[in-house]
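Read the structure below first, then the notes.
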Amino acid sequence: MIPAAGIGFKPRHYHEALTSPAAGLWFEVHAENYMVAGGPRLAMLDELRSRRQISLHGVGMSLAGAAEPDPGHLEALKRLVSRFEPAMVSEHLAWSRLDGRCFPDLLPVPRTNEVLARCTANIARVQDALGRQILIENPTHYLALRDHSWSETSFLSELARRSGCGLLIDVNNVAVGAHNLGFDPGKWLEAIPGTRVGEVHLAGHSLDTEGTLLIDSHDEPIAEDVWKLYEAFIARIGPRPTLIERDGNVPSFQELMRERSRAQALLSGDLALAA
Amino acid sequence: MPPELLQFQRSFAAALDGTAQGAIAVYRNTVFHGAVEALRANFPVVDQILGAEMFEHVAVDFVSTCPPRVPVLALYGAEFADWLTHQEWVGDLPYLPDVARVDRLHVESLLSADREPASPEEAMRACSGTSRSLLLHPAIRFSWLSTPAMSIWLAHQGPVPSRIAPEWKPEGALFARPSPFVIHAPRIGPAAHRILSGMRFGETLGTSMASATRLYPHEDCVAIFASLANLGAFIAPDSERS
């Protein structure tokens, strides 16, 4: 069976999501938005899950931070995984928690041996608690940090080898980072071991107000250069579950499904439809 | 903890709190944007009253003082209403902290645990003492407010806010959510508030009813109780952990 394309679930699209006839359509949600005791959010996701596969995408585990995963947060994720039995569970190579404060962002780290060891241990703890593999997403880059000991692709590959995690490759993050830091996104993607890749993300980006940095804003359609990178990546590694992400300027369900259809056509090898 | 990583994180956090420029400003903007938009989502009527631009200024001040402590932002802003009371400018909008309290009650009710409420018949049997007492439903939230904030909040629930001239007097706010997609949001009077408050603090239903009847002899407390039961405000004790 060919892996399918999915879209990020938005409550405003609830009824269309439930009734869409699209074969293989699946939905991804941010796990933290559902770490609540009850109410309509969980009820909607229960209903969606009864008809479709879902993916839980975490943004708050702070796996690349110095601290171990917060036990309460890990327990909340475990409850969600147990309740919804998601097809995929993913997190980020980033940190967002420090000294009792949480930063609603995915903050960067230098790729050192120390960070590799800490991150490996944190991922292992999450995987042990959940009893399953998780996928780790490559971050967006705005800042050229000093003191990297590893290239990003080598770091991700080694992290996957040591921890047993899979990789979630966000092609838009690669394109944005390549623009901001000045590397070749095609070569970056070629260096990723395809066997480790369990999911791909596609999203839109925008220019910052000064017109210099690209921002991973998720508020625009997927850019053509990102589609080209994706097409080459999938051609090399084979089809993978692919998510269309949109978090700002959220369009109609139909518009998201048009982008989803394009990804699905590429996954199916139907280049005429994907053009 | 790995010392160099910890040191890096603390330096980065300090940079975010400073006058960030260039790439650091992108991270800073995202950190603030995430918290501000979470606050906006959790206090939609405060947002309507202040307007988007003013809300953003207020929210940035609040986020600087009370940043998120957990990554689950669905309940971010527990201190917002009290924080508003200390802002000098809020003197022009004396009802605003109470409106924020109502927004908060609403969000808490929406995200609380689901339970099957006691049926009205079951509740009336408990009220008459012929069956076991009742407990409050886990998704019930209520408060007594010194301003007509619930009336103001209710006027902002339509697509276009209603024009109201509320009588300037205290009133109670109640949110009852008997099932995931059904929420009731009535104003309540002091007798209903007394019944609910007593039960919240561990009184039996009988004690709460007796106190409300004594304090408010002109109110029909049994009828008030029946109305609360119809909204799904109670659960039977054995369904507490169901």
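Since every read-out is calculated from the coordinates, none of them should be taken as a lab result. Since this is a predicted model, take the numbers as computed values, not measurements. Please note: Cβ atoms are built from the backbone with ideal geometry, for glycine as well, and neighbour counts cover all protein chains shown.
Details
- Taking the C-alpha atoms only, the angle from helix B:205-215 to the longest principal axis of chain B is near 90 degrees.
- Principal-axis tilt of helix B:22-42 within chain B, Cα atoms, nearest 10 degrees: 10
- Value of relative contact order over chain A, rounded to a whole percent, pairs C-alpha under 8 Å and six or more apart: 18
- Dipole axis of the protein assembly as shown (+1 Lys, Arg; -1 Asp, Glu on Cβ), positive-most option in B:LEU105, A:SER268, A:PHE84: A:PHE84
- 222 nm mean residue ellipticity, helices alone, for the protein assembly as shown (DSSP H n ≥ 4; -39,500 (n - 2.57); rounded to 500): -14000 deg cm²/dmol
- 10 Å Cβ neighbours from other chains, averaged over peptide B:8-17: 4
- Between B:PHE181 and B:ALA165, the simple spin-label model (points 7 angstrom out along Cα→Cβ) gives 4.0 nm.
- Cα-Cα separations in the protein assembly as shown greater than 36 Å, expressed as whole percent: 40
- Packing around the peptides B:60-67, A:63-70, taken as the average count of other Cβ atoms within 10 Å per residue, puts them in this order, highest first: A:63-70, B:60-67.
- For the stretch A:210-241 versus the stretch B:1-69, the gap between their alpha-carbon centres in whole angstrom: 28
- Average other protein chain Cβ within 10 Å of Cβ, residues B:64-75: 6
- Crossing angle, helix B:221-230 versus chain B [Cα axis fit, 0-90 degrees, rounded to tens]: 60
- Length-normalised contact order of chain B in % [C-alpha pairs under 8 Å, at least 6 apart]: 18
- Nonlocal amide H pairs with A:VAL197, under 5 Å, H built at 1.01 Å: A:LEU167
- Relative to the 2.2 N^0.38 Å rule of thumb, chain A has a C-alpha radius of gyration ratio of 0.96.
- Ordering of A:82-93, B:206-217 by burial proxy (mean other Cβ atoms within 10 Å per residue, highest first): A:82-93, B:206-217
- Rounded to 5, the percent of DSSP beta bridges in the stretch B:124-242 classed as antiparallel: 100
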